[in-house]
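A.B. asks: Structure in C-alpha cells, see below.
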Amino acid sequence: MSNITVRRDQESKLAPMPIWEPRMEPFRMMRELMGWDPFREMTAFPIAASSNFAPAFEVKETKDSYLFKADVPGVKETDLDITITGNRLAVSGKRESEKVEQSDTYYACERNYGTFMRTFTLPEGADTTAVHADLKDGVLHLTVRKEPEAQPKRIAIQSAARKA
C-alpha cells in the first residue's frame, strides 16, 4: 500500500501530489546525507587546533634489529619523547599549530595538530639498552638491536691421560 498524499485541484478531481518536487536539488540532498559540503571549505572560519594528529608508523624486523619509522613532519626534535619501560617502547610528541592572524582568510584547513602517543611491546630478545633514534627529513628512525642469540659453545673433554 503506497502512502500518496492526495489533493483536490480546481475541478474537484483527485490528483496525486508528486513526491519529488522540482525545487529539490539532488546534490544538496547528497551533501546532507554524506555530511560533506565542498563550499563550506571556501568560507572563512576560525582555525582551532585539532587533537587528532597521529603519525603513521612502519615496523619491521631484520636479522639483527627491529626498525621503527614514523612520519612526523613539522615535529621538532625537542617535541619528541622516546622511552622504554621493561619491554614497552613509547613514542610521544606534539605538533603545534601555527599562529592564526585575524586578518588571514583560509580556504582549506586539512593539517592536523596536537599531541600523540604510541606504544609498542617489544618481543623477547630485544636489547633495550641498545636503542638508537634519528630524526631526518620529517621521519623518525628508531633502531632496537636484538640481543646476540645464544650460540652453542663447544666444550672440550679432557681425559685423565692428558692431565698427567
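A.B. asks: How charged is the neighbourhood of residue 70? Take every other residue with its Cβ under 11 Å from the Cβ of residue 70, and add Lys/Arg as +1 and Asp/Glu as -1.
C.D. replies: Counting the neighbours of residue 70, the net charge comes to 0.
A.B. asks: Let me ask something additional. Using mean Cβ contacts within 10 Å as the protection proxy, how do 86-94, 127-135, 64-72 order, highest first?
C.D. replies: 64-72, 86-94, 127-135
A.B. asks: Could you work out the local net charge near residue 139, counting Lys and Arg as +1, Asp and Glu as -1, over the other residues with Cβ closer than 13 Å to its Cβ?
C.D. replies: Neighbourhood net charge equals -3.
A.B. asks: Turning to a different aspect of this structure: Work out the FRET efficiency for residue 76 and residue 102 from their Cβ-Cβ distance, taking R0 = 30 Å, and round it to the nearest 0.05.
C.D. replies: Given R0 = 30 Å and the Cβ-Cβ separation, E is 0.70.
A.B. asks: In nm, to one decimal, how far is the modelled label at residue 135 from the one at residue 159, with both set 7 Å along Cα→Cβ?
C.D. replies: The answer from the label model is 6.6 nm.
A.B. asks: Hey, can you rank 143-149, 73-79 by average C-beta count inside 10 Å, highest first?
C.D. replies: Order by mean packing, descending: 143-149, 73-79.
A.B. asks: Here is a further query. Give me the net charge for the shell around residue 56: Cβ to Cβ below 13 angstrom, other residues only, Lys and Arg +1, Asp and Glu -1.
C.D. replies: Net of charged neighbours comes to 0.
Read-outs throughout are calculated quantities, based only on the coordinates presented, and are distinct from any laboratory measurement. These figures come from a predicted structure and were not determined experimentally. All Cβ positions, glycine included, derive from the backbone under ideal geometry; neighbour counts span all protein chains shown.
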